[in-house]
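*Asks:* Below you will find the structure I want to go over with you.
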Amino acid sequence: MSILNKDLFLYDPETRKIVNEGVANVNITTLDVIRYELETFVCDGQYEHGLQLIIESFLNNIGQAEQPAAWVSGFFGSGKSHLVKMLRALWVNTRFPDGATARGIASLPDKIKDLLVELDGEGKRYGGLHAASGTLGAGVSGSVRLSLLQIVFRSANLPEQYPIARFVLWMRDQGILHTVRELVEADGCSWEKELDSFLFSDSIHAALVKTKPTVFSSVDTCANLLAMQYQFVQDITSEEMLKGIRDALSADGKFPLTILILDEVQQYIGEDPIRSLAVQEAIEDCSKSFNGRLMVVSTGQTAITGTSNLKKLEGRFTVRVELSDSDVDEVIRKVILAKKPDKIEVIDAFIQKNLGEISRHLADTTIRHRQADTSDFAKDYPILPVRRRFWEEAFRVLDSTGTSAQLRNQLAMIHKVIKESAKLELGYMIPADYLYFNTAMKLLGNRMLNRRYYDLTMQWIRGSEDEKLTARACAIVYLINKIDDTNRELGLKATVDTIADLMIIDLSKGSAPLRSKLPALLDACPLLMKIGDEYRMQTEENTAWNDE
């Protein structure tokens, strides 16, 4: 009895969805997205180590003169934002409408659970736990202090604009906030709209005259006093920033144990030394001003010593977490490729039966089959480890900026192909050319793919069997040529054997049929030319094509 691919997986690929499309964003707090991310959070490797390092450092420095800041680094898509977003949810133990909590949903190691329990205990002593997260510059251009304060205000359900938040805080401290709001709404006005323009709101001014007649003798007096007290500004001092944080988060005279997450700080700083200095000063002020009760956690693509601008921040960020490729592999294996325990032996038996064929793939390259691959076959099925390494090399070349690489792109792509192959039988292996057809339109838009190459391969892939094979072979040649042009040390060459190795879908049939059929198709293909044993893409320099 044949076994379908979908019966191998722990989660049905036909019904399972990637709620966040493989992209974590610290600014997105939709409960269904957070819940999905908690359910699929793989808390091991550097993710586990990172959480442990950050929480331990925080606990060890409560009550100290300074709370060291943390720096989480890793290439785009490595899971930095996901890690710090999970940190925020676990820190405050986000509660869901059905009563479930973040710590109850996530599968956490005992060490992390113990640290969170200890954190709760400390929180009870210091006025609770609080978390804020966002990206600098998302709401304010130019002022790091104002931008940072906006993130804090938003986390406390305050208006993000500095003068409006200060006005709300004043009313709260005076004990009149709810009364003023009720009077404004009783006047038939929208509280949010009136608050946005409170300096010119007759309704708010009239409410203030009623609630604080000793301060505001008339509507005109109220308008004038507010205009003088709450002016819109382009920047604020460090003292004003710290006071804003303290006022926004303190309750009953206590400041809660707070994590302040600033995502993609490196991207915000860029090559601007002035911004780098401003970030350094703001974080230093936060780290030294709350008796160890506030910790800043920032993220960036490279280690804190990776660039000259970042190196200036080295003294501020002494807690460092670096994510790697291996962490990405584990996330993909546990989120998308997880198998039913009773099906592992079935997959292993199939692989062992075809190990001879697998071990020959790309034998003359540095990404060839390795002995260590044996333990990963069942975890990676239906992806061969050799093809995973091929994809990783292709990702790096096709997106030199890293903006689509690794975790976010691989999660989405692998989920898509697993879903498409759910009803195929055990033995189907994802061909390497799938990467080309999944990204061809984007490559065309980025001018990394010739228009004619794109048009013909997309036309052929919908044609006869020979045309489909030609399209897939051209896709492999394209990827190999791109990799070889930037990294010749891998030894990848677009020969018939290499192309066949990467195209095979059914291992049980072997590569012989492909190897015998490919030469004629490749030699007749107008998109390719042959140089010795190797096939190369036609280019504008040696053909009359026009990249229309």
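*Asks:* Give region 262-279 a look and list any residue that's free of Cβ contacts under 8 Å to residues at least 60 places away in the same chain and in contact with a Ser or Thr (Cβ under 6 Å, 6 or more places away or on another chain), or say none.
*Replies:* Scanning region 262-279 gives a single hit, I269.
*Asks:* Working carefully through the options R88, R125, R154, R103, find the one that is touching a strand residue (DSSP E or B) at 6+ places or on another chain (Cβ under 6 Å), assigned to a helix (DSSP H, G or I) and open to solvent by 30 Å² or more (accessible area, probe 1.4 Å). Explain how you work it out, then say what you get.
*Replies:* On the way: R125 fails: touching a strand residue (DSSP E or B) at 6+ places or on another chain (Cβ under 6 Å); R154 fails: touching a strand residue (DSSP E or B) at 6+ places or on another chain (Cβ under 6 Å); R103 fails: touching a strand residue (DSSP E or B) at 6+ places or on another chain (Cβ under 6 Å).
Residue meeting the stated conditions: R88.
*Asks:* Right, next: With V265, V180 as the choices, which residue is among the β-branched types (V, I, T) and under 30 Å from K85 (Cβ atoms)?
*Replies:* Working: V180 fails: under 30 Å from K85 (Cβ atoms).
That would be V265, the only listed residue that is among the β-branched types (V, I, T) and under 30 Å from K85 (Cβ atoms).
*Asks:* Would you point out the residue of region 348-400, among those that are part of a loop (DSSP other than H, G, I, E, B) and exposed (fewer than 15 other Cβ atoms within 10 Å of the Cβ), that is modelled with the lowest pLDDT? It would help to see each step written out before you state the result.
*Replies:* Kept after step one, since they are part of a loop (DSSP other than H, G, I, E, B), are these residues of region 348-400: 354, 361-370, 381-384, 399-400.
Then keep just the ones that are exposed (fewer than 15 other Cβ atoms within 10 Å of the Cβ); that gives 363-364, 366, 370, 400.
Working: A363: 90, D364: 90, T366: 93, R370: 89, S400: 51.
Of everything passing the filter in region 348-400, S400 is modelled with the lowest pLDDT.
*Asks:* Sticking with this one: Return yes or no: is L249 under 16 Å from P159 (Cβ atoms), open to solvent by less than 40 Å² (accessible area, probe 1.4 Å) and at pLDDT 95 or above?
*Replies:* Values: under 16 Å from P159 (Cβ atoms): yes; open to solvent by less than 40 Å² (accessible area, probe 1.4 Å): yes; at pLDDT 95 or above: yes.
So L249 passes the test.
Table: residues versus (1) basic (K, R); (2) surrounded by fewer than 22 Cβ atoms within 10 Å (Cβ to Cβ).
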site	(1), (2)
M441	no, yes
R451	yes, yes
Y454	no, yes
K468	yes, yes
A471	no, no
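*Asks:* When you go through (1) open to solvent by 20 Å² or more (accessible area, probe 1.4 Å); (2) not in a loop (DSSP other than H, G, I, E, B) one by one for L119, which number turns out not to apply?
*Replies:* The number of the failed condition is (1).
Okay, residues lined up against (1) within 18 Å of F153 (Cβ to Cβ); (2) crowded, with 18+ Cβ neighbours inside 10 Å:
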site	(1), (2)
Q174	no, no
K210	no, no
F232	yes, no
I245	yes, yes
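*Asks:* Give the residues of region 520-540 that are in a strand (DSSP E or B) and surrounded by 12 or more Cβ atoms within 10 Å (Cβ to Cβ), sorted by residue number. Let's see the steps before the verdict.
*Replies:* Keep residues of region 520-540 that are in a strand (DSSP E or B), which gives 528-531, 534-537.
L528, M529, K530, E534, Y535, R536, M537, listed by residue number.
*Asks:* OK, next. Please specify each residue of region 157-172 satisfying the condition of being in a helix (DSSP H, G or I) and either open to solvent by less than 30 Å² (accessible area, probe 1.4 Å) or touching a residue at least 60 places away in the same chain (Cβ under 8 Å) (or both). First the steps, then the outcome.
*Replies:* Pass one, region 157-172, residues in a helix (DSSP H, G or I): 162-172.
Within region 157-172, Y162, P163, I164, A165, R166, F167, V168, L169, M171 meet the criteria.
*Asks:* Could you please let me know if I236 is β-branched (V, I, T) and part of a loop (DSSP other than H, G, I, E, B)?
*Replies:* Numbers: β-branched (V, I, T): yes; part of a loop (DSSP other than H, G, I, E, B): yes.
Yes, satisfied.
The values are calculated or read from the model by the stated rules, or taken from the named source; none is laboratory data. Just so you know, these numbers come straight off a predicted model, no measurement behind them. Every residue, glycine as well, gets a Cβ built from its backbone with ideal geometry; the counts of neighbours run over all protein chains shown. Surface accessibility is based on the protein's heavy atoms, side chains included, excluding ligands, DNA and RNA. Shrake-Rupley method; radii C 1.70, N 1.55, O 1.52, S 1.80 Å.
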